[in-house]
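Novice: I'd like to ask some things about the structure below.
The values are calculated or read from the model by the stated rules, or taken from the named source; none is laboratory data. On a predicted model such as this, the values are computed, not experimentally measured, just so you know. When we count neighbours, we look across all protein chains shown, and the Cβ atoms used for this are built from the backbone with ideal geometry, even at glycine.
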Amino acid sequence: MPDTRKDRRRIAFTLTAALVALTFCIPGNPGVIGAVSIQGQPSTDVTPDTSLSVATYTLGTYRPGNREVITGAVLTLPDGTDVSGVTLASPPGTSTVSGQIVTLVFDPPLVKTAFDIVLDNIVNPGVGTYNMGSITFAWYDTRDGIPQTTALATGDYTITDPYISLTITTPADGQTVAFGPIDPGVSTATQDVTIEVDSSAPYDIIREPGGDASLLGLLITGTAVGPQAQGVQTFTDSYSLNPPWTTDPSMPLTATVTYTVIQ
């Protein structure tokens, strides 16, 4: 059996007045208008966010200015973070690593489109709250082509302890699946066993029949086995028996099924 375990108009007028004043005060080229900016507050999302997990880091959201072309970025991840295998998942481009410094080249360069930076294959550090400090973008204005850089703050992120739990919900804890008397060569009706798993990261389920499983001809069908995604999932396995003719019908027999979850 299973084991358990300001007025808005006022602001608009003020801004318009300032722009008009600038137009009259600076008769020549106004220079670069609008460097790369961040929409809202700096954000760094880590999934999964548990220590020593292989994770995806998402930073953003960023937007180029009207005449700005963003060619790449540089950021430094905190000590204890393994970035040796990092890849740039989005936007398209390449990544290179030197120590904790990751250099990104966007291909094609980014223009007039909001974007996040998504980095894969980073191994999280230990438990704690972290911040990369800043991300520095390389860009140029289409009017002069002069290379420029802009540094923007990044958001805090927290790395937590990993967790995983497994509960057999049907039958209830401490109960068994009972088929009653059966004859060799006769198949029983199925009985269901329900398992719930809550995990902070992807994991594997190992399902191991034991005891008198062979003598009873135990057959298990269901999805509570193999690789699974992180989060809370419920699985249902169906058990049935079909003892072979060689099984002694006078013997009381008990099969066991052990479920093990491994992150």
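Novice: Restricting to the stretch 100-117, give me the number of residues that are in contact with a Leu (Cβ under 7 Å, 6 or more places away or on another chain) and either crowded, with 17+ Cβ neighbours inside 10 Å or not assigned by TED's automatic domain parsing to the domain that holds residue 80 (or both).
Specialist: 3
Novice: Residues 256, 246: which one is modelled with pLDDT under 95, β-branched (Val, Ile, Thr) and farther than 17 Å from residue 170 by Cα?
Specialist: Every option except 246 fails the conditions.
Novice: Let me ask you something else. I'm trying to understand the selection: among the residues of the stretch 53-68, which are surrounded by fewer than 20 Cβ atoms within 10 Å (Cβ to Cβ) and more than 13 Å from the chain's Cα centre (by Cα)?
Specialist: Passing the criteria: 61, 63, 65, 66, 67.
Novice: Oh, and also: Pull out all pairs, ordered by first then second residue, where Cβ-Cβ is under 7 Å, the residues are six or more apart or on different chains, the first lies in the stretch 69-81 and is among the small types (Gly, Ala, Ser), and the second is surrounded by 19 or more Cβ atoms within 10 Å (Cβ to Cβ).
Specialist: 72/104; 72/106; 72/138; 73/104; 73/117; 73/135; 73/137; 73/138
Novice: Name every residue in the stretch 199-222 that is within 30 Å of residue 162 (Cβ to Cβ) and either exposed (fewer than 13 other Cβ atoms within 10 Å of the Cβ) or at pLDDT 95 or above (or both), in order of residue number.
Specialist: Residues satisfying the conditions are 204, 205, 206, 207, 208, 209, 210, 220, 222.
Novice: Here's a follow-up. Given (1) at pLDDT 95 or above; (2) in a loop (DSSP other than H, G, I, E, B); (3) more than 20 Å from residue 133 (Cα to Cα), where does residue 84 come up short, assuming only one miss?
Specialist: For residue 84, the failing item is (3).
Novice: Next up: Taking residue 160 and the conditions (1) among the polar types (S, T, N, Q); (2) within 23 Å of residue 56 (Cβ to Cβ); (3) at pLDDT below 90, which numbered condition does it fall short on, given that it satisfies the others?
Specialist: Status for residue 160: all satisfied but (3).
Novice: Got a sec? Which of 217, 231, 180 is under 22 Å from residue 45 (Cβ atoms) and of a type in the set (Gly, Ala, Ser)?
Specialist: Just a single option satisfies the conditions, and that option is 231.
Novice: Among what's in the stretch 164-198 and is assigned to a strand (DSSP E or B) and either more than 39 Å from the chain's Cα centre (by Cα) or among the charged types (D, E, K, R) (or both), pick the residue that is surrounded by the fewest Cβ atoms within 10 Å (Cβ to Cβ).
Specialist: Filtering first and then ranking leaves 192.
Novice: Applying the selection to the stretch 228-246, what residues are surrounded by fewer than 18 Cβ atoms within 10 Å (Cβ to Cβ) and either in contact with a helix residue (DSSP H, G or I) (Cβ under 7 Å, 6 or more places away or on another chain) or of a type in the set (Ser, Thr, Tyr) (or both)?
Specialist: Within the stretch 228-246, 234, 236, 238, 240, 246 meet the criteria.
Novice: Taking the conditions exactly as written (of a type in the set (S, T, N, Q), within 16 Å of residue 135 (Cα to Cα), surrounded by 15 or more Cβ atoms within 10 Å (Cβ to Cβ) and at pLDDT 95 or above), does residue 96 satisfy them or not?
Specialist: Spelling it out, it is not the case that residue 96 is of a type in the set (S, T, N, Q), within 16 Å of residue 135 (Cα to Cα), surrounded by 15 or more Cβ atoms within 10 Å (Cβ to Cβ) and at pLDDT 95 or above.
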